[in-house]
1. For the stretch 258-266, indicate whether the set of residues that are in the same structural domain as Tyr216 (by TED's automatic domain parsing) and crowded, with 22+ Cβ neighbours inside 10 Å is non-empty.
2. Of the numbered conditions (1) within 16 Å of the ligand (Cβ to nearest atom); (2) buried (at least 22 other Cβ atoms within 10 Å of the Cβ); (3) of a type outside the set (S, T, N, Q); (4) assigned to a loop (DSSP other than H, G, I, E, B), Lys274 fails exactly one; give the number of that condition.
3. Name the residues in the stretch 150-203 that are out of contact with any Ser or Thr (no Cβ under 9 Å at 6 or more places or on another chain) and either of a type in the set (Lys, Arg) or not assigned by TED's automatic domain parsing to the domain that holds Pro227 (or both), would you?
4. Conditions first: (1) charged (D, E, K, R); (2) within 25 Å of the chain's Cα centre (by Cα); (3) surrounded by 15 or more Cβ atoms within 10 Å (Cβ to Cβ). Arg397 passes all but one, so which condition is the exception?
5. Could you tell me whether any residue of the stretch 23-43 is among the aliphatic types (A, V, I, L, M) and touching a residue at least 60 places away in the same chain (Cβ under 8 Å)?
6. Of everything in the stretch 361-386, what is in contact with a Lys or Arg (Cβ under 8 Å, 6 or more places away or on another chain), under 20 Å from Gly319 (Cα atoms) and of a type in the set (A, V, I, L, M)? Give them in sequence order.
7. Taking the stretch 26-40, which residues are more than 29 Å from the chain's Cα centre (by Cα) and in a helix (DSSP H, G or I)?
8. Working carefully through the options Asp261, Asp243, find the one that is in contact with a strand residue (DSSP E or B) (Cβ under 9 Å, 6 or more places away or on another chain) and either within 16 Å of the ligand (Cβ to nearest atom) or charged (D, E, K, R) (or both).
Amino acid sequence: MQISNEQLALVNKQIAALRKAGSFYGKKLEEAGIDSISSPEDFVRLPFSEKKDLRDAYPLGLMTAPESDVVRIHSSSGTTGLPVIIPYTAKDVDDWAIMFKRCYEYAGITKMDRIQITPGYGLWTAGIGFQNGAEKLGAMVIPMGPGNTDKQLQMMQDMKSTVLCSTSSYALLLAEEIDKRGIKDRIHLKKGVIGSERWSEKMRQRISESLGIELYDIYGLTEIYGPGIGINCKYNTGMHYWDDYIYIEIIDPVSLQPVPDGTQGEIVITTLVKEGAPLIRYRTHDLSRIIPGDCPCGSPHPRLDVIMGRTDDMMKIKGVNVFPSQIEEVLKQFPETSSEYQIRISHLDGKDTMRIYVETNGSVNFLDLANRIAARVKSVIGFTPLVKVVEFGLLPRSEKKTKRVIDERFE
Ligand code: ZN
């Protein structure tokens with residue numbers, strides 16, 4: 001999707017602020033001798049920004065507005081090395097809430113809803129983002145934060161929560177717990193707003209059917225406000241994103257060139273009105289595509305497909321590039337398996353091996369199912385994995401993100 005003239009004008013304001021602040025990107029622009037841009041061709045010549053640039057700016061090197069205007073910071077969880085600190089001005093906080101309110105509205109949620117928020121609060125952008133958007137909308141927030149399933153279910157019943165905000169892993173855990181306890185008739189949920197990780201169609205169906213609710217995917221990342229920069233509408237034809245606040249391009253992760261709408265690649269985001277920490281051409285490493293054409297809902301906002309994975313999820317096994325989403329696509333074709341799976345990669349006797357664990361109920365022949373799955377996976381990736389079928393419920397469930405790929409070669 002080519003950048004519009006309105007968006008270009010906004011990018012020029014971001015460029016001016018970055019140059020004035022002299023942050024890492026301001027310096028990049030200075031070195032490249034760029035003061036402003038005047039065409040889409042100029043835009044795609046702007047340098048990218050990477051997570052590493054943001055880490056190197058720790059703690060406050062990204063701050064682009066005067067400190068007197070900064071009201072808050074958030075931080076992304078750093079699994080390796082330093083975290084990334086993102087400063088927000090009051091306008092950034094308000095813009096984020098406006099975008100999030102729009103997300104709730106696209107999901108048909110109103111001020112009469114009661115929204116139970118289970119993602120974490122604190123440095124993390126999740127919980128507070130869901131909360132500010134809900135308050136902007138005027139709904140009643142039940143700010144639970146993560147964990148403590150007993151209390152979650154008690155409040156869900158007593159407060160008659162109508163909307164659940166959570167990760168897909170935790171929504172599945174709650175759905176299974178509600179089934180197990182036989183309390184479904186005391187649950188009033190109508191909708192789920194699910195964020196922060198890639199999830200399969202199968203998992204979506206299981207959560208949706210088990211809780212009897214409509215599900216909405218919310219998109220976002222800490223570096224770019226947080227969750228709330230896009231969501232699907234009731235037609236479920238991809239996530240509309242707010243192109244008055246951000247510009248999204250999709251690039252080929254190897255050649256780094258933009259690809260046409262409809263083609264899969266890496267999501268690259270440019271903020272248009274951010275003050276605390278504007279980012280230009282930020283590489284998210286999330287894989288998706290822009291969906292061409294118009295949505296039946298009539299929204300003017302363009303659409304991103306569901307996140308297909310991350311460029312860094314790619315596993316190199318026996319010299320072959322494999323994405324977890326390819327395995328998931330195969331498992332989707334076997335209705336006798338549950339939504340849960342685990343991939344384990346190890347190196348034995350000089351050879352890589354891939355084991356795939358899947359769950360089923362007791363009514364099928366485990367060995368036969370394993371053989372059929374192994375044959376189908378081979379037809380997609382070119383080599384035969386070891387498939388192990390286990391009883392339903394044996395694979396780990398998580399309150400946060402479920403770890404589905406375990407690479408024992410590097411442990
Ligand atoms: Zn729509």
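1. Yes, there is a match, as at least one residue in the stretch 258-266 is in the same structural domain as Tyr216 (by TED's automatic domain parsing) and crowded, with 22+ Cβ neighbours inside 10 Å.
2. Just one mismatch for Lys274, condition (1).
3. Lys151, Lys160, Lys180, Arg181, Arg186
4. The number of the failed condition is (3).
5. Looking for residues that are among the aliphatic types (A, V, I, L, M) and touching a residue at least 60 places away in the same chain (Cβ under 8 Å), one finds none in the stretch 23-43, hence no.
6. Going through the stretch 361-386, the residues in contact with a Lys or Arg (Cβ under 8 Å, 6 or more places away or on another chain) turn out to be 370, 383-386.
From what is left, the residues that are under 20 Å from Gly319 (Cα atoms) are 383-386.
Leu386 - this is the single residue of the stretch 361-386 that is in contact with a Lys or Arg (Cβ under 8 Å, 6 or more places away or on another chain), under 20 Å from Gly319 (Cα atoms) and of a type in the set (A, V, I, L, M).
7. Applying the first criterion (more than 29 Å from the chain's Cα centre (by Cα)) to the stretch 26-40 yields 27, 29-39.
If the condition is that a residue be more than 29 Å from the chain's Cα centre (by Cα) and in a helix (DSSP H, G or I), then Lys27, Leu29, Glu30, Glu31, Ala32 are the ones that fit.
8. Details: Asp243 fails: in contact with a strand residue (DSSP E or B) (Cβ under 9 Å, 6 or more places away or on another chain).
Answer to the selection: Asp261.
The values are calculated or read from the model by the stated rules, or taken from the named source; none is laboratory data. It should be emphasised that the depicted structure is a prediction, and the values quoted were computed from it without experimental measurement. As a convention, Cβ positions derive from the backbone with ideal geometry for all residues, glycine included, and neighbour counts pool all protein chains shown.
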